[in-house]
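The values are calculated or read from the model by the stated rules, or taken from the named source; none is laboratory data. Computed from a predicted structure; not experimentally measured. Quick reminder, even Gly has a Cβ in these numbers, built from the backbone with ideal geometry, and neighbours come from all protein chains shown. Each accessible area value is taken on the protein alone, full model and side chains, heavy atoms only, with ligands, DNA and RNA left out. Shrake-Rupley method; radii C 1.70, N 1.55, O 1.52, S 1.80 Å.
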Amino acid sequence: MKAKRFGALLLASIAPLFTGLAASFFTQSSIQSWYPTLNKPFFNPPNGVFAPVWIILYIIMGVSGYAIWKLKSQTNHQAKQYFVIQLILNFCWSFFFFYMQSPATALVDIVLLWLSLIIWIRVSYGLKPWIGLIQIPYFLWVTFAMALNAAIFHLN
């Protein structure tokens, strides 16, 4: 039983970090070549801010993902689905924005990510309030990233 729990913890914790690592392969070349050429809004943070923030958020996602997976409930199925959906949309955003160099496509994706987060937080909160509440920093960061994406789209 403990091995099964440890496996679930490992998977739930590594999945978000792996998602971020995989997405970073699509961002590296554009961060140095394409991204600096874009017009950015005044609230664009320095590039060095993004990696540490995302690492913290991926760890938080892993903790909440594990908490959802370990619940013995039929109602956690929807929370599991939205955990996976938001990870996929999170990965796709980097691909669309940096690899495809398409702020417009990335904006559509991040709006879908934002909506999926609302559902995920709501469903998770209904299962265990703390699971939903620890996702608030992630939601706020995605809200900020969505505004930044929209501004970059508008300015370019």
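Here are a few things to note about the model shown:
- Value of D in µm² per second that Stokes-Einstein yields for the range 80-154, Kirkwood Rh from Cα pairs, at 37 °C (0.692 mPa s): 263 µm²/s
- Helix 136-155 axis, angle to the chain major axis (alpha carbon atoms, nearest 10°): 20 degrees
- Per residue, the convex hull spanned by the Cα atoms of the range 3-134 amounts to 107 cubic angstrom.
- Probe 1.4 Å - accessible area at Ser73, Å² to nearest ten: 50 Å²
- Note on the chain: helix-only mean residue ellipticity at 222 nm, from DSSP H runs of 4+ residues weighted -39500 (n - 2.57) and normalised by residue number, equals -27500 deg cm²/dmol.
- Averaged per residue, the chain has 56 square angstrom of accessible surface, using a 1.4 angstrom probe with ligands and nucleic acids left out.
- Lysine pairs in the chain with Cα atoms under 21 Å, if 8 or more residues apart or on separate chains: 11
- Accessible area ranking (1.4 Å probe, heavy atoms, ligands and nucleic acids excluded), largest first, for Tyr66, Tyr99: Tyr99, Tyr66.
- In terms of accessible area, using a 1.4 Å probe and ignoring ligands and nucleic acids, Ile60, Ile131 rank largest first as Ile60, Ile131.
- Degrees separating the helix 76-94 axis from the principal Cα axis of the chain, which is the longest one: 20 degrees
- Spacing of the two label points (7 Å from each Cα toward its C-beta) at Gln28 and Trp114, in nm: 3.1 nm
- Solvent-accessible surface (1.4 Å probe) assigned to Trp130 amounts to roughly 120 Å².
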